[in-house]
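**Student:** Take a look at this one; I'll ask things after.
The values are calculated or read from the model by the stated rules, or taken from the named source; none is laboratory data. What you see is a predicted model, and the numbers here were worked out from it, not measured in a lab. Please note: Cβ atoms are built from the backbone with ideal geometry, for glycine as well, and neighbour counts cover all protein chains shown.
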Amino acid sequence: MSGQSILEKIISTSGDEFYTPIPKGYVPGKTKFVVITGSVISGIGKGTISSSLCKMLQDRGMNVEPIKLEAYLNVDAGTLNPFRHGEVFVLDDGTETDLDLGTYERMLDKNLGKDNFVTSGKIYQTIIENERAGKYLGRDVQFIPHVTGEIKKVLRELAVKTKADAIVIEIGGTVGDYENMFAIEAMREMLYEEGRENVCVINITYVLQPKSLGEHKTKAAQLGIRKLLELGLPPNIIICRSENKISEKTREKISLNSNVPVEKVIGVHDVSNIYGLPLALRKLGLDEHILEALALSKKFKANGNSKLEEWNRQTSCDVTKPVVIGIAGKYTGSSDTYISILKALEHCSFATKKCVEVKWIETTEIEKGKSLADALKGVDGVIVPGGFGARGIEGKIAVAKYCREKNIPFLGLCLGFQVALIEIARNVIGLKQANSTEFAPDTKYPVIDILPEQKKIEGLGGNMRLGGKDVEIKQGTIAFRLHENQKTIRRRFRHRFECNPDYIEKFEKAGIVFSGKAPGYPIMQILELPKHKFFMASQFHPEFTSRPLHPDEMFLEFVKKSSEEN
Ligand code: GLN
């Protein structure tokens, strides 16, 4: 059997101890794997660095496919609280993921799907379904080899499906967490089975700098990396995050304690512009180190075709006179809750070269009596973002009314679309008690009501209208002009409620133009007030499909109108 790789030997062994299902068509060594783990603490930009790294490799001509392995037991991110965990990002295929998938999509300018996001809950669900179906042939089902085997299978299936040159695996959490232990174990097995030249392990660690000492201390990083060594996953490269630049001496210390050559211990301190990261990482030699680890340096030689410099130029704006955009929502202090909206605004600033400054408008304060003039002081345009539940709703309705009456640019997103309709029903049509049945189930005028198809489905998880869907654009409208005369666009949705079709005519008589609707159904998806400076809203989330160099059209017009002098 000489000449066989370890993986081939495992495949051909009938021994019960192995559980390494290999998908049909899988060719060992054809797709390489880059494993990214974090140590010391979370929240140090692992997702941002991982996506920048993907961008840098993509620029080198590689076909890279990211996958995030989340440690939590939820099957997807749909039921997570965005105020606690950050925004729920929706993919075109309807998968509800965490915000990192948004970062990957924006960096790589590419749509991802359910195979790019795997939670522990999803892995367990598969295992339990398999066990109930008798697929484990009488074996007791164990973490090793079954859970780790399912993880490896997911990775190899992605390799077969995408034919990627490399799959970049971001392991959620930090090394030493209880929750991601078996994902790390699965990576150790991958390393063994695929061979060292097919798997590059990167650890992103954090170097502390206690104020009282002023200097960098590496102990926590050392311990984190040691833990990784203990777990059998020796890193090829270490990325040290820190607030300030770390010294050569600090890198040497980490090198000595981790068996990673000092030139492969890379310092990445805090930067204000994340779009500069792919080029910065290249300048630090990271792409060369990864390619070298994977024996790909010859295949993907640097050929002078890099577009990263240009990308840097295109993703900048002029700070001298910012446009101030108010976001009227509920806050707990974390901007991650609305990250895609902030990014979509940033994309507009790249196109207009005018930087956007965000002002948070807490709508519960308006309900408590804060004046609208005060709340919206200095604001050039207002967004009412998506949301669930009644808290803060009356404040949002008041904000919409103020913008409509004072000719202030207004952009409503999902819930913001519904808020605009409630406001107009109450104050233009005269249906004073108009509401959504989400907030007032017995309202006399249910202008927003639950979707007929959603009414049939019970329970919380899984009863939303989700994912990318076509939107038919009405000719001759602002939406039609903005989308360059396209009759149909595709946008992403995440909602249960919609404009009640019984009220469409009344709204149209009141001056609303429904410029986008679902093909074949009376489901309204875009509204506009043609006489207003800018008053538009959509039932979908345009922020999910905005990309750095292709800002969403509605967002862009909103920012342009907001920056115009009155
Ligand atoms: N709560 C509203 C609905 O379910 C809006 C949802 C949202 O803004 N994503 O229809």
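**Student:** How many residues does the stretch 132-154 contain that are of a type outside the set (D, E, K, R), touching a helix residue (DSSP H, G or I) at 6+ places or on another chain (Cβ under 7 Å) and within 29 Å of L291 (Cβ to Cβ)?
**Tutor:** Restricting attention to the stretch 132-154, the residues satisfying the condition of being of a type outside the set (D, E, K, R) are 133-134, 136-138, 141-149, 151, 154.
Filter again for touching a helix residue (DSSP H, G or I) at 6+ places or on another chain (Cβ under 7 Å), leaving 136, 141, 143-144, 146-148, 151.
Going one step further and asking which of them are within 29 Å of L291 (Cβ to Cβ), we end up with 148, 151.
Looking only at that region, the number is 2.
**Student:** On to the next question. Report, by residue number, each residue of the stretch 530-545 that is away from the ligand (no atom under 16 Å from the Cβ) and crowded, with 21+ Cβ neighbours inside 10 Å.
**Tutor:** First, pick out the residues of the stretch 530-545 that are away from the ligand (no atom under 16 Å from the Cβ): 530-535.
Passing the criteria: F534, F535.
**Student:** Looking at (1) within 16 Å of the ligand (Cβ to nearest atom); (2) without any contact (Cβ under 8 Å) to a residue 40 or more places away in the chain; (3) not in a loop (DSSP other than H, G, I, E, B), which is the only condition I504 fails?
**Tutor:** (1)
**Student:** (1) within 27 Å of the chain's Cα centre (by Cα); (2) part of a helix (DSSP H, G or I): which one isn't true of R491, the others all being true?
**Tutor:** Against the list (1) within 27 Å of the chain's Cα centre (by Cα); (2) part of a helix (DSSP H, G or I), R491 comes up short only on (2).
**Student:** Output the residues belonging to the stretch 399-424 that are part of a helix (DSSP H, G or I) and within 16 Å of the ligand (Cβ to nearest atom). Reasoning before the result, please.
**Tutor:** Start the filter on the stretch 399-424 by keeping residues that are part of a helix (DSSP H, G or I), which leaves 399-406, 415-424.
V399, A400, L415, G416, F417, Q418, V419, A420, L421, I422, E423 - these are the residues of the stretch 399-424 that are part of a helix (DSSP H, G or I) and within 16 Å of the ligand (Cβ to nearest atom).
**Student:** All but one of (1) within 16 Å of the ligand (Cβ to nearest atom); (2) more than 27 Å from the chain's Cα centre (by Cα) hold for A373; state the number of the condition that does not hold.
**Tutor:** (1)
**Student:** Give the residue that is surrounded by the most Cβ atoms within 10 Å (Cβ to Cβ), with candidates limited to residues of the stretch 469-488 that are in a strand (DSSP E or B) and not basic (K, R).
**Tutor:** Taking the stretch 469-488 as the starting set, the residues that turn out to be in a strand (DSSP E or B) are 469-473, 488.
Still in the running and not basic (K, R): 470-473, 488.
Details: D470: 15, V471: 25, E472: 17, I473: 22, T488: 11.
Out of the qualifying residues, it is V471.
**Student:** Only one of (1) of a type in the set (D, E, K, R); (2) within 16 Å of the ligand (Cβ to nearest atom); (3) touching a residue at least 60 places away in the same chain (Cβ under 8 Å) fails for D380. Which number is that?
**Tutor:** It fails just one condition, (2).
**Student:** Ok, one more. Within the stretch 118-139, how many residues are under 22 Å from I184 (Cα atoms) and either of a type outside the set (S, T, Y) or part of a loop (DSSP other than H, G, I, E, B) (or both)? It would help to see each step written out before you state the result.
**Tutor:** Residues of the stretch 118-139 under 22 Å from I184 (Cα atoms): 118-128.
Pick out the ones that are also either of a type outside the set (S, T, Y) or part of a loop (DSSP other than H, G, I, E, B) (or both) and you get 118, 121-123, 125, 127-128.
Looking only at that region, the number is 7.
**Student:** Next question, about the same structure. Going through A344, A373 one at a time, which residue ends up being assigned to a helix (DSSP H, G or I) and in contact (Cβ under 8 Å) with a residue 60 or more places away in the chain? Quick ask: steps written out before the conclusion?
**Tutor:** Details: A373 fails: in contact (Cβ under 8 Å) with a residue 60 or more places away in the chain.
Answer to the selection: A344.
**Student:** When you look at L466, is it within 15 Å of the ligand (Cβ to nearest atom), in a strand (DSSP E or B) and under 20 Å from A479 (Cβ atoms), yes or no? Lay out the reasoning, then the answer.
**Tutor:** Working: within 15 Å of the ligand (Cβ to nearest atom): yes; in a strand (DSSP E or B): yes; under 20 Å from A479 (Cβ atoms): no.
When the stated conditions are applied, L466 does not pass them.
**Student:** Moving on to the next point. Return the residue satisfying two criteria in turn: it lies in the stretch 383-398 and is of a type in the set (A, V, I, L, M) and in a helix (DSSP H, G or I), and of such residues it is farthest from the ligand (Cβ to nearest atom).
**Tutor:** For the stretch 383-398, the residue satisfying everything is A398.
**Student:** Being in a strand (DSSP E or B), in contact with a helix residue (DSSP H, G or I) (Cβ under 7 Å, 6 or more places away or on another chain) and aromatic (F, W, Y) is true for just one of F33, F83. Which residue is that?
**Tutor:** Working: F83 fails: in a strand (DSSP E or B).
Going through F33, F83 in turn, the sole match is F33.
**Student:** State all residues of the stretch 283-319 that are hydrophobic (A, V, I, L, M, F, W, C) and modelled with pLDDT under 90; if no residue qualifies, say none.
**Tutor:** Initially, the stretch 283-319 is screened for residues hydrophobic (A, V, I, L, M, F, W, C), giving 284, 286, 290-291, 293-296, 300, 302, 308, 311, 317, 319.
Within the stretch 283-319, A302, C317, V319 qualify.
**Student:** P519 fails exactly one of the following numbered conditions: (1) touching a residue at least 24 places away in the same chain (Cβ under 8 Å); (2) in a loop (DSSP other than H, G, I, E, B); (3) out of contact with any strand residue (DSSP E or B) (no Cβ under 7 Å at 6 or more places or on another chain). What is the number of that condition?
**Tutor:** (3)
**Student:** If only one of G468, G476, G511 is in contact with a Lys or Arg (Cβ under 9 Å, 6 or more places away or on another chain) and at positive phi, which one is it?
**Tutor:** Working: G468 fails: at positive phi; G476 fails: in contact with a Lys or Arg (Cβ under 9 Å, 6 or more places away or on another chain).
Of G468, G476, G511, the one residue that is in contact with a Lys or Arg (Cβ under 9 Å, 6 or more places away or on another chain) and at positive phi is G511.
**Student:** Considering the stretch 425-443 alone, what residues qualify as being within 27 Å of E557 (Cβ to Cβ) and within 12 Å of the ligand (Cβ to nearest atom)? Write out each step before concluding.
**Tutor:** So in the stretch 425-443, the residues within 27 Å of E557 (Cβ to Cβ) come out as 425-429, 436.
Matches in the stretch 425-443: S436 only.
**Student:** Pull up the stretch 301-338, narrow it to residues that are in contact with a strand residue (DSSP E or B) (Cβ under 9 Å, 6 or more places away or on another chain) and among the charged types (D, E, K, R), then point me to the one that is surrounded by the fewest Cβ atoms within 10 Å (Cβ to Cβ).
**Tutor:** Taking the candidates together, the pick is K321.
**Student:** If I523 meets every condition in (1) within 16 Å of the ligand (Cβ to nearest atom); (2) at pLDDT 95 or above apart from one, which number is that one?
**Tutor:** Evaluating I523 over (1) within 16 Å of the ligand (Cβ to nearest atom); (2) at pLDDT 95 or above leaves (2) as the failure.
**Student:** Of the conditions (1) modelled with pLDDT under 95; (2) over 19 Å from R404 (Cα atoms); (3) within 25 Å of the chain's Cα centre (by Cα), A344 clears all except one; give me its number.
**Tutor:** Every listed condition holds for A344 apart from (1).
**Student:** Do you know which residues across the stretch 294-323 are under 30 Å from K560 (Cβ atoms), touching a residue at least 12 places away in the same chain (Cβ under 8 Å) and not in a strand (DSSP E or B)?
**Tutor:** Our first condition is that a residue be under 30 Å from K560 (Cβ atoms); within the stretch 294-323, this holds for 307-323.
Okay, now just the ones that are also touching a residue at least 12 places away in the same chain (Cβ under 8 Å), so 307-309, 311-312, 314-319, 321-323.
K307, L308, E309, W311, N312, Q314, T315, S316, C317 - these are the residues of the stretch 294-323 that are under 30 Å from K560 (Cβ atoms), touching a residue at least 12 places away in the same chain (Cβ under 8 Å) and not in a strand (DSSP E or B).
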